[in-house]
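Below is one structure, written out as structure tokens; comments come after it.
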Amino acid sequence: MFLHYIDLGWRSLRRTPVVSLLMLLAIAIGIGVTMTSLSVYHMMSVNPMPHKNDQLFAVQLRTMDQGADWWTSDNLPFQLTYQDAMNLRKGSVPFRQTAMLKTGFGVKPANPDIPPFIETARAADSDFFAMYEVPFAYGAAWDKAVDLQGEAVAVIGDELNQKLFGGGNNVGKDIVLDSVSYRIVGILKAWKLEPQIYDLNNGAWGQNEQLFIPFSLLPIQELKSWGNNNGWKYEEENTYQDKLNSEVVWLQYKVELKDKQAQQDFRDYMAGYIKEQQKLGRFKRDDAEGDIKNISQWLDYRQIVSADNKILVGLSFMFLFVCLANILSLLLAKFLKRAPEIGVRRALGASKTQVFAQHLVEVGMLGLAGGALGLLIAQLGLYLLRSGFSRYEAVAQMDLTMWLAAPTISILACLLAGCYPAWKVCRTTPALYLKTQ
Amino acid sequence: MLSMTNISKVYRSEMVQTNALRDFNFQVNEGEFIAVTGPSGSGKTTFLNIAGMLETYTGGTYQLDGIDVGRLSDNGRAELRNQKIGFIFQGFNLIPDLNLYENVEVPLRYRGIKAAERKRRIERCLEQVGLGARAKHVPAQLSGGQQQRVAIARALAGEPRFLLADEPTGNLDSLMARQVMELLENINKDGATIIMVTHDPELARRAQRNIQVVDGQICDFKLYQGGLEKQRAGAEV
Ligand SMILES: Nc1ncnc2c1ncn2[C@@H]1O[C@H](COP(=O)(O)OP(=O)(O)OP(=O)(O)O)[C@@H](O)[C@H]1O
Ligand SMILES: [Mg+2]
């Protein structure tokens, strides 16, 4: 019977080509707009490492003195001071850990044909690559020993490798950063992690860094911060050492904790650390505490999906609703015009349910076609977003979930709009149209 | 098998109230062939529609095969109609988008008959009404009489136990009308109960029983004539 309904639906749609086309366009445009905004929303809120969601944690400390407050929802700063990052990373409670700084250099290529250029870099610990599953093409991360001593070594990304050397295994070669020579120990494969969960604070979207150096070089090379620096009190800052000793928060610190027990151990470790620091005269407040947040908590906390975006999704669904209202009225007119035929079908033994099903199938077909066309429109919309706004480049994309969501939403929406007309038409009194010819 | 007691049907619109049927009492036995006659607007179609459960009635009781129709749900009526009743409508009521084959197929589909059996029955019935060669045509390509025959084929294909025919020969020439009548007589012989509305006294005579509907009531033929005479007498005075 279902195939028969499809056949009937197809004939019915073909019989009124203009109305069918109008309805198709209405649903397609509605779905197109909705899917465009929803895809952006989806890509923004997507967790790029769901399998490690409960293992990678951002660490926060409420370090400021009593009376000073942070503007965050839980009164915790996003980043850490150098003292705290250094102290915490000395411990061995986490399975892996990395303190990080977003920095950058002037790069002077060995090849005189390539002009010098500016490159963003990330100072991190050797664990960073394993924690975020960064793939190596050649070589590996620097030794753990380097994390303690500081040594001028670097890991470079695939793109930078192409740019400097034209690709290939260049482990052991040097790269000159701000006139300091770094030995390349590892070269990454092409790699992408978006949103950049390891540092949402300094730009969640865009290209991942192509240059990594040991965090332990901070005091040695006096690495400048290319990210946010926030303080809660006035401090003289004349030398780099002043900054290292200050209460300014400017570093990220992430830990990998394998299970609940490890999480608890780490919380205890932080509590112990705070007590110890309080004895030394820091953290002068009653509710000094630390917190860890997993990836999805962190994404949510940092509001990676902006409120604007949520409003946009809401608006686009409202637009879809308007489209549906139009479809509903078109369907109603179309179906009621068919009442005489339905009267005959009812007289010949069709039950209300069968008439209802026949019409819903027709509407469902419309939804499927509208969904397909809507996908094309959404692709166009996303393309326009990508080409018009560079910051949308990463997120104006459709993944498989969205490809499947489009026809699903479209069919459901059409069924919703079709329910009332179908119900109305299945209630026609069979006799009403039979007396007249 | 069919029994109507004091059935009444009132149509109400904003302005007028029409008593289409009043105190309608009627019994039909299994296997009967009944012809219904009566003036236009007397309630014949209304009676057939109620008998076929296409329409609800306003008062009285109607039992079909011992089942009180008034107690059935809409789906219950649809099922009963689907299983037992075949219709030939006054207007042929073919579905314009479907070709003849598909039109005849409609009741068979709702009855859940398998494709091969459907094909067999459709071809046989179209053959019986002399339209076997035109199965692929749509109703608009046929004359009124041919459409009437398709409507008959559609009713026959369901092999109903109970056939309700509203002027099945209204658009046919007398030869064709007689052929259709023979068809109906044949399926009646095979066991189907038939109620046929007709204006043709010759055809009506061939039925086993004649009833006359006047003003929404069954009336004796003579009484009706007497009434007419009274009317005339009244007009002359
Ligand atoms: N849906 C309706 N609404 C209002 N009045 C109706 C309706 N259907 C029928 N009637 C009225 O009920 C009466 C009986 O109609 P019905 O169609 O049963 O007559 P009929 O005997 O079949 O006439 P004909 O021989 O012309 O087909 C008529 O007066 C008609 O106007
Ligand atoms: Mg009639």
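Below, the figures for the structure above:
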item	result
Any hit, the range A:382-397, residues being within 18 Å of A:L324 (Cα to Cα), acidic (D, E) and assigned by TED's automatic domain parsing to the domain that holds A:A26	no
Strands (runs of 3 or more DSSP E) enclosed by the range B:1-45 - at least 1 residues per element that are within 15 Å of ligand 2 (Cβ to nearest atom) and over 16 Å from the mean Cα position of the chain (by Cα)	B:2-12, B:17-28
The range B:45-59: number of residues that are farther than 17 Å from B:I211 by Cβ and either open to solvent by 40 Å² or more (accessible area, probe 1.4 Å) or within 10 Å of ligand 1 (Cβ to nearest atom) (or both)	4
Selection from the range B:150-175 of residues that are open to solvent by 30 Å² or more (accessible area, probe 1.4 Å) and either within 16 Å of ligand 2 (Cβ to nearest atom) or over 16 Å from B:E105 (Cβ atoms) (or both)	B:R161, B:E167, B:G170, B:N171, B:D173, B:S174, B:L175
Extreme residue, nearest to B:F89 (Cα to Cα), among residues of the range A:415-434 that are crowded, with 17+ Cβ neighbours inside 10 Å and within 13 Å of another protein chain (Cβ to nearest Cβ)	A:L434
Scan of the range B:98-119 for residues that are within 10 Å of chain A (Cβ to nearest Cβ), of a type in the set (K, R) and assigned to a loop (DSSP other than H, G, I, E, B), ordered by number	B:R111
Checklist (1) modelled with pLDDT of 90 or more; (2) surrounded by 14 or more Cβ atoms within 10 Å (Cβ to Cβ) applied to A:A333, failing item	(2)
Scan of the range A:397-414 for residues that are loosely packed, with under 15 Cβ neighbours inside 10 Å and not in a helix (DSSP H, G or I), ordered by number	A:D399
Helices (runs of 4 or more DSSP H) within the range A:59-176 that include 1 or more residues among the aliphatic types (A, V, I, L, M) and farther than 21 Å from A:Q252 by Cβ	A:144-149, A:158-165
Single residue of the range A:400-437 satisfying the filter (among the basic types (K, R) and away from ligand 2 (no atom under 16 Å from the Cβ)) that is modelled with the lowest pLDDT	A:R427
Test: B:F33 is within 14 Å of ligand 1 (Cβ to nearest atom) and either in contact with a Phe, Trp or Tyr (Cβ under 6 Å, 6 or more places away or on another chain) or hydrophobic (A, V, I, L, M, F, W, C) (or both)	no
For B:K119: the one exception among (1) farther than 20 Å from A:E341 by Cα; (2) within 16 Å of ligand 2 (Cβ to nearest atom)	(2)
Tabulated pairs, the range A:287-307, first over 24 Å from A:K258 (Cβ atoms) and among the β-branched types (V, I, T), second open to solvent by less than 40 Å² (accessible area, probe 1.4 Å) and not in a helix (DSSP H, G or I), C-beta under 8 angstrom, 6+ apart or interchain	A:I304/A:P195; A:I304/A:A204
Residue within the range A:379-391 that is among the small types (G, A, S), within 14 Å of another protein chain (Cβ to nearest Cβ) and surrounded by fewer than 21 Cβ atoms within 10 Å (Cβ to Cβ) present	no
Candidates B:S40, B:S13, B:S73, filtered to the one that is away from ligand 1 (no atom under 13 Å from the Cβ) and open to solvent by 50 Å² or more (accessible area, probe 1.4 Å)	B:S73
Any hit, the range A:184-192, residues being more than 22 Å from A:M86 (Cα to Cα), modelled with pLDDT of 95 or more, outside any loop (DSSP other than H, G, I, E, B) and more than 30 Å from the chain's Cα centre (by Cα)	yes
Failed item, numbered, when B:S73 is tested on (1) within 30 Å of A:R15 (Cβ to Cβ); (2) facing another protein chain (nearest Cβ under 10 Å)	(1)
Residue match in the range A:291-310 (condition: over 30 Å from A:N202 (Cβ atoms), open to solvent by less than 40 Å² (accessible area, probe 1.4 Å), assigned to a helix (DSSP H, G or I) and more than 14 Å from chain B (Cβ to nearest Cβ))	no
Residues located in the range A:336-359, provided they are open to solvent by less than 20 Å² (accessible area, probe 1.4 Å), of a type outside the set (K, R), assigned to a helix (DSSP H, G or I) and within 14 Å of another protein chain (Cβ to nearest Cβ)	A:A339, A:I342, A:G343, A:V344, A:A347, A:V355, A:Q358
Lone qualifier among B:I122, B:I95 - being more than 26 Å from B:M1 (Cα to Cα) and either facing another protein chain (nearest Cβ under 9 Å) or touching a Ser or Thr at 6+ places or on another chain (Cβ under 8 Å) (or both)	B:I95
From the options B:A135, B:A165, B:A155, residue that is more than 16 Å from ligand 1 (Cβ to nearest atom) and touching a residue at least 40 places away in the same chain (Cβ under 8 Å)	B:A155
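Yes or no, residue by residue, for (1) open to solvent by 20 Å² or more (accessible area, probe 1.4 Å); (2) at pLDDT 95 or above:
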| residue | (1), (2) |
| --- | --- |
| A:L76 | no, no |
| A:V93 | yes, no |
| A:P109 | no, no |
| A:R122 | no, yes |
| A:S126 | no, yes |
| A:M131 | no, yes |
| A:Y138 | yes, yes |
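Listed here are the residues, each with its yes/no results for (1) of a type in the set (S, T, N, Q); (2) open to solvent by less than 60 Å² (accessible area, probe 1.4 Å); (3) touching an Asp or Glu at 6+ places or on another chain (Cβ under 7 Å); (4) at positive phi.
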site: A:D158; (1), (2), (3), (4): no, yes, no, no
site: A:G172; (1), (2), (3), (4): no, yes, no, yes
site: A:Y198; (1), (2), (3), (4): no, yes, no, no
site: A:K233; (1), (2), (3), (4): no, no, yes, no
site: A:E236; (1), (2), (3), (4): no, no, yes, no
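The values are calculated or read from the model by the stated rules, or taken from the named source; none is laboratory data. Everything numeric here is computed off the predicted structure, so don't read it as measured data. Note: ideal-geometry Cβ built from the backbone for every residue, glycine included; neighbour counts use all protein chains shown. SASA here: full protein model, heavy atoms, side chains in, ligands and nucleic acids out. Shrake-Rupley method; radii C 1.70, N 1.55, O 1.52, S 1.80 Å.
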